[in-house]
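Trainee: Just dropping this structure here.
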Number of protein chains: 2
Amino acid sequence: MAQSAARSNGGKQSRIQTENRALIMQAALDVFSTDGYRGATVDRIAERAGMSKTNLLYYYPSKEEIYRSAIEQTVEAWLDPFDAIDPDGDPIEELRRYITVKLKMSDQNPEASRLFANEVQRGAPLVGEFLSTRLKALVDEKVAVIRTWIDQGRLAPVDPYHLIFTIWATTQHYADFEVQVQAILGKQAKKPGFSEQVAHAVLSILLNGIRPR
Amino acid sequence: MAQSAARSNGGKQSRIQTENRALIMQAALDVFSTDGYRGATVDRIAERAGMSKTNLLYYYPSKEEIYRSAIEQTVEAWLDPFDAIDPDGDPIEELRRYITVKLKMSDQNPEASRLFANEVQRGAPLVGEFLSTRLKALVDEKVAVIRTWIDQGRLAPVDPYHLIFTIWATTQHYADFEVQVQAILGKQAKKPGFSEQVAHAVLSILLNGIRPR
DNA sequence: TCCAAATTTGACCAGTTAGTCAAGAATTTT
DNA sequence: AAAATTCTTGACTAACTGGTCAAATTTGGA
């Protein structure tokens, strides 16, 4: 008599539930990240997930709920490495590590990056509040850390907010504009060592700037 | 008996044609840049342009044609300042100027930036060929210029391709992620001198890096 | 094995979509 | 001012959209 895959039974999920929810999330990530929320269709997500639309709606009650789930998952993964920036670590090393991790995320899960980008470009109808509350608080916290580092002379006197934006912009660019990067670099962008090459180049620029040294 | 606003009469456009096409392009930019190609509706564009859908389709024969027009317009404006990078100028000054212009474009016409971002994120179905032919050629040309500058010791030895990507990423971030920037910076991001502040911060980081100096 | 619960699906519905058509209103040309 | 042209619109269509429903099929525990 169950009308939908209820989460009411203590959060327990059957094997099939776990599998199918994972399939749906991956498909949702693919479709939402390329077509956007409005442009995506439940049918297309279902097809990509290899099941009927009706069955998909058995696991997630609506298109909006699928989207919400995908976004939440993405945001969490996104926050972790930022939160991990250690006030007691070496500034350059901490930022190097953060940039490296973010570049790796862009490389390994570009769909998630594009999904988030799309959400923000739409005006952040879903994550708007998250941005101005939780994310803002976390950014303010890290900005304070960076300021301390600057005051101690361990970092150049740059605006901490814009430093963070610059890091986000640069690292996510390789996911969001993947097609453009590949069009310009050609097959080179698909070779094994490419992500390391990107990391090296980006780190070199952000850490040292482009003035001759 | 004319069934559509033909461009067959030698390219001449009446006053009404010019006005309405401009209205439609601005509306298309707004709607496509937030909802994406698939998510946008002709009805919504027409409403934003202040005319009936039927009338809009009198000026542009299809949704795809509206989109194509908007994209082409955007790409042209986008290419100009890049092309203007002068091999005979001072490297730092040339890049400073380019970055400044791009930041100004992001500030004054964020919709265009988001439209292009969206197109590329979708897999660049329309501009894909442009990216791998005309843009690639132009980038290769500028990369050669940057290499010369580096060989002459007038620029730090950074990877030219990734330098260009970094500039694109950073400057466009302020348009594409406008909502996020505003959520984190608050009203500060709406004050008059903000775009100059952004320019100063971004230039400081890209030109000098973040290592203490 | 047997059965209750969980899973899966096709048929269906109401609303939306891009685009057509014919006719009316405004504008320009003569 | 009359005619020709350009502009504008409401009514319509066929395809697609998110979501429902009842009935079938599969699964896992006793």
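The values are calculated or read from the model by the stated rules, or taken from the named source; none is laboratory data. Source: prediction; values computed, not measured. Using ideal geometry, Cβ is built from the backbone for each residue, glycine included, and neighbour counts are taken over all protein chains shown.
Trainee: Being at the interface with another protein chain (Cβ under 9 Å from one of its Cβ atoms), within 30 Å of B:GLN197 (Cβ to Cβ) and either away from DNA strand C (no atom under 16 Å from the Cβ) or not β-branched (Val, Ile, Thr) (or both) narrows it down to one of B:ASN118, B:ASN109, so name that one.
Mentor: B:ASN118
Trainee: Another question, if that's okay. How about region A:10-60: which of its residues are within 30 Å of B:ALA124 (Cα to Cα), away from chain B (no Cβ under 14 Å) and away from DNA strand D (no atom under 12 Å from the Cβ)?
Mentor: Listed by number, the residues that qualify are A:ARG21, A:ALA22, A:LEU23, A:ILE24, A:MET25, A:GLN26, A:ALA27, A:ARG48, A:ALA49, A:GLY50, A:MET51.
Trainee: Here's another thing I want to ask about it. Please go through (1) buried (at least 19 other Cβ atoms within 10 Å of the Cβ); (2) assigned to a helix (DSSP H, G or I) for B:ILE210 and return the number of the only condition it doesn't satisfy.
Mentor: Unmet for B:ILE210, out of (1) buried (at least 19 other Cβ atoms within 10 Å of the Cβ); (2) assigned to a helix (DSSP H, G or I): (2).
Trainee: Also, I was wondering about something else. Just need a number here: residues in region B:16-33 that are touching a residue at least 60 places away in the same chain (Cβ under 8 Å) and either out of contact with any Phe, Trp or Tyr (no Cβ under 7 Å at 6 or more places or on another chain) or away from DNA strand C (no atom under 12 Å from the Cβ) (or both).
Mentor: Selection size over region B:16-33: 3.
Trainee: Could I ask something else about it? Which residues, taken from region B:195-213, are touching a residue at least 40 places away in the same chain (Cβ under 8 Å) and more than 7 Å from chain A (Cβ to nearest Cβ)?
Mentor: The answer is B:SER195, B:ALA199, B:LEU203.
Trainee: Write out, first by first residue and then by second, each pair whose Cβ atoms fall under 6 Å of each other, whose residues are 6+ apart or on separate chains, and whose first residue, in region A:34-59, is over 22 Å from A:ALA112 (Cβ atoms) and modelled with pLDDT of 95 or more while the second is of a type outside the set (S, T, N, Q) and more than 10 Å from DNA strand D (Cβ to nearest atom).
Mentor: Pairs found: A:TYR58/A:ALA5.
Trainee: Just the residues that are among the aliphatic types (A, V, I, L, M), facing another protein chain (nearest Cβ under 7 Å) and over 30 Å from B:ARG154 (Cβ atoms), please, taken from region A:167-194.
Mentor: Of everything in region A:167-194, just one residue is among the aliphatic types (A, V, I, L, M), facing another protein chain (nearest Cβ under 7 Å) and over 30 Å from B:ARG154 (Cβ atoms), namely A:VAL179.
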